[in-house]
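Below you'll find the structure, written out as structure tokens, and then a few comments.
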Amino acid sequence: MTPERTAKFKRVARSRQPDLCVILENVHDHHNIGAVLRSCDSVGIQQIFILNTEAGLEDKNIEIGRRTSMGAQKWVDVHFYADVEACFQHVKQSCDLVFGTHLSEESKVLYELDLSQSVAILFGNERDGISDKVLPYLDGNFMIPQVGMVESLNISVACAVTLYEAYRQRAAKGYYEEHPSTTPSQQNTLFQEFVDRHKSGDSRLIVARKSGDV
């Protein structure tokens, strides 16, 4: 550990946002998941939840490839779920609200949301969107405004746009310098965990869970 790397680890630990996370439902493409992981790491998100509500999921560990996540899987905690209730029980341990990209009469424009709150942001897949099983867990719906002929964004692009709006709002409140819910002790614990991950060189694994063992 060089002094420069130590300083970087401390800076990253200080900038992590414990009350902001991402949920991906039925997003199977590892390239999209890897791109989302990179965006999460870049805006200080420590946790991502990958929820598969489709039938046929096997109980096994899945490793996000190094090529798609560019190493971000080492620094972001990834939780893989097949059980909806168990997933949201875990999410609610960190985030009070859940906003999803679901079009409805109540949908707000992204820029109308207060993303400095304790919030999880849910994205469904491009074909089917958010499933009916998950809709009851949403506290709000939003859309990303578009004016093109083809009003469709890749899931990883939609996620990046949303997360950088969250970054803008949180940076304006100074949350990347001193987050109101993070203590120096918690920052030091995360710093030590980063050091351990760096020394071990291991990738982070996604662990499939069907029920509430969190």
Conditions (1) outside any helix (DSSP H, G or I); (2) open to solvent by less than 30 Å² (accessible area, probe 1.4 Å): number failed by residue 105: (2)
Among the residues of the stretch 69-102, write down those that are assigned to a strand (DSSP E or B), in contact with a helix residue (DSSP H, G or I) (Cβ under 7 Å, 6 or more places away or on another chain) and either among the small types (Gly, Ala, Ser) or open to solvent by 20 Å² or more (accessible area, probe 1.4 Å) (or both). 79
Looking at the stretch 180-195, which of the residues that are over 20 Å from the mean Cα position of the chain (by Cα) and without any contact (Cβ under 8 Å) to a residue 24 or more places away in the chain is nearest to residue 117 (Cα to Cα)? 183
Given the structure, is residue 153 touching a His at 6+ places or on another chain (Cβ under 8 Å) and more than 22 Å from residue 44 (Cβ to Cβ)? no
Does the stretch 112-127 include one or more residues that are closer than 20 Å to residue 26 by Cβ and of a type in the set (D, E, K, R)? yes
Apart from one, (1) farther than 30 Å from residue 127 by Cβ; (2) among the hydroxyl-bearing types (Ser, Thr, Tyr); (3) modelled with pLDDT of 90 or more all hold for residue 164; the odd one out is (1)
Take the residues of the stretch 108-142 that are among the charged types (D, E, K, R) and in a loop (DSSP other than H, G, I, E, B): which is surrounded by the most Cβ atoms within 10 Å (Cβ to Cβ)? 126
Just to verify a result, which residue in the stretch 16-51, among those that are aliphatic (A, V, I, L, M) and in a loop (DSSP other than H, G, I, E, B), is farthest from the chain's Cα centre (by Cα)? 27
Can you name the residue in the stretch 143-165 that is polar (S, T, N, Q) and in a helix (DSSP H, G or I) and is also surrounded by the fewest Cβ atoms within 10 Å (Cβ to Cβ) among such residues? 156
Counting only residues that are open to solvent by 30 Å² or more (accessible area, probe 1.4 Å) and in contact with a helix residue (DSSP H, G or I) (Cβ under 9 Å, 6 or more places away or on another chain), how many does the stretch 9-20 have? 4
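The values are calculated or read from the model by the stated rules, or taken from the named source; none is laboratory data. The structure presented is a predicted model; accordingly, all values stated were derived computationally and were not measured. So basically every Cβ, Gly included, is an ideal-geometry build from the backbone, and we count neighbours across all protein chains shown. Side chains included, ligands, DNA and RNA excluded: accessible areas come from the protein's heavy atoms. Shrake-Rupley method; radii C 1.70, N 1.55, O 1.52, S 1.80 Å.
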